[in-house]
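In what follows, a single structure is set out as structure tokens and then discussed.
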Amino acid sequence: MAKARGELRIIGGRYRGRRLPIPSETGLRPTSDRVRETLFNWLAPVIPGARCLDAFAGSGALGFEAVSRGAGEVVLIEQSGAVARQLEANASRLGAEDIRVLHGDAIRWLEGSGPPFDIVFLDPPFAEALWAPAIERLAHRGWLKPGSRVYLEAPARSGFPDLPAGWDLVRDKTAGQVRYGLVIVGSDAEAA
């Protein structure tokens with residue numbers, strides 16, 4: 001486990017105001033409260049009961065916020081063992097039985113198959129070239145269905161990667177050094 005720790009505050013829903021410890025690890029950048037508030041306002045109509053994936057979980061800010069606001073199932077994938085253990089401890093601390101933490105490589109995991117997700121949070125480490133393989137696997141391995149939402153977070157200076165056909169960017173904002181947006185997959189783009 002990392003020596004120094006930070007803290008994550010859940011900003012809405014049934015766990016609102018709860019604070020969770022997070023390891024201080026290089027590259028770990030929890031999505032800010034301001035960005036999470038905007039994102040979950042966008043997702044409010046579709047979050048209740050949704051099956052969610054936080055592919056590069058890190059602090060778990062997006063996954064914990066989703067379950068707090070009524071998601072039915074949240075899968076968190078984290079490559080760092082220390083961070084994955086903290087995510088498991090935090091889920092246990094909340095008593096959140098609808099969170100599943102997987103310790104492993106998200107790109108490899110996405111090479112498999114499973115039931116599609118309603119919402120995917122795609123916020124890979126900015127310093128690594130993970131956008132293209134993650135998007136390719138999401139788009140072509142059956143992880144998404146028409147109407148699925150994909151949240152993107154990227155450095156403001158470089159912006160988002162090219163998106164596959166049928167991925168409609170329906171929301172797009174910048175906050176400081178971060179650009180974030182929401183994609184709707186398939187024929188449901190007008191529902192945003």
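The values are calculated or read from the model by the stated rules, or taken from the named source; none is laboratory data. Not measured: the values here are computed from a predicted model. Because the Cβ atoms are built from the backbone with ideal geometry, glycine has one as well, and the counts that use them run over all protein chains shown. Side chains included, ligands, DNA and RNA excluded: accessible areas come from the protein's heavy atoms. Shrake-Rupley method; radii C 1.70, N 1.55, O 1.52, S 1.80 Å.
Among the protein heavy atoms, those of W167 account for about 20 Å² of accessible surface (1.4 Å probe, every chain in place). Accessible surface of the stretch 132-177, 1.4 Å probe: 44 percent of it comes from carbon and sulfur atoms. A simple packing score, the average count of other Cβ atoms within 10 Å per residue, orders the peptides 12-25, 75-88 as 75-88, 12-25, with the highest score first. Report, to the nearest whole %, how much of the accessible area of the stretch 17-95 belongs to carbon and sulfur atoms, 1.4 Å probe, protein only. Roughly 47 percent of what the probe reaches on the stretch 17-95 is carbon or sulfur. Going by a ≥ b ≥ c, the root eigenvalues of the Cα gyration tensor, does the stretch 1-73 fall in the rounded group (a/c under 1.5), the prolate group (a/b larger than b/c) or the oblate group? Verdict is prolate for the stretch 1-73.
Beta bridges per DSSP, both residues in the stretch 1-148: antiparallel share near 30 percent. Solvent exposure of the chain, expressed per residue, is 45 Å² of accessible area, with all protein chains present and a 1.4 angstrom probe. Amide H to amide H, with H built 1.01 Å from N, V120 comes under 5 Å of L53, R149, V150, Y151, counting only residues 5 or more places away or on other chains.
Paramagnetic label reach from E111 (point 7 Å along Cα→Cβ; backbone nitrogen cut-off under 20 Å): within the stretch 131-162, residues 131-144. Taking label points 7 Å from Cα along the Cα-to-Cβ direction, S158 and K145 give a separation of 3.3 nm. Gain on full extension, evaluated as 0.36 nm per residue between F126 and R14 minus their Cα-Cα distance, stands at 37.3 nm. Dividing the mean sequence gap of close Cα pairs (under 8 Å, 6+ apart) by how many residues the chain holds gives a relative contact order of 16 percent. With θ taken as phi - 60° and the Karplus curve 6.51 cos²θ - 1.76 cosθ + 1.60 applied, the whole-hertz 3J(HN,Hα) list for the stretch 80-86 is 6, x, 4, 5, 4, 5, 5 Hz, x standing for glycine and proline. If R0 is taken as 22 Å, the Cβ-Cβ distance between R93 and D33 corresponds to a FRET efficiency of 0.65.
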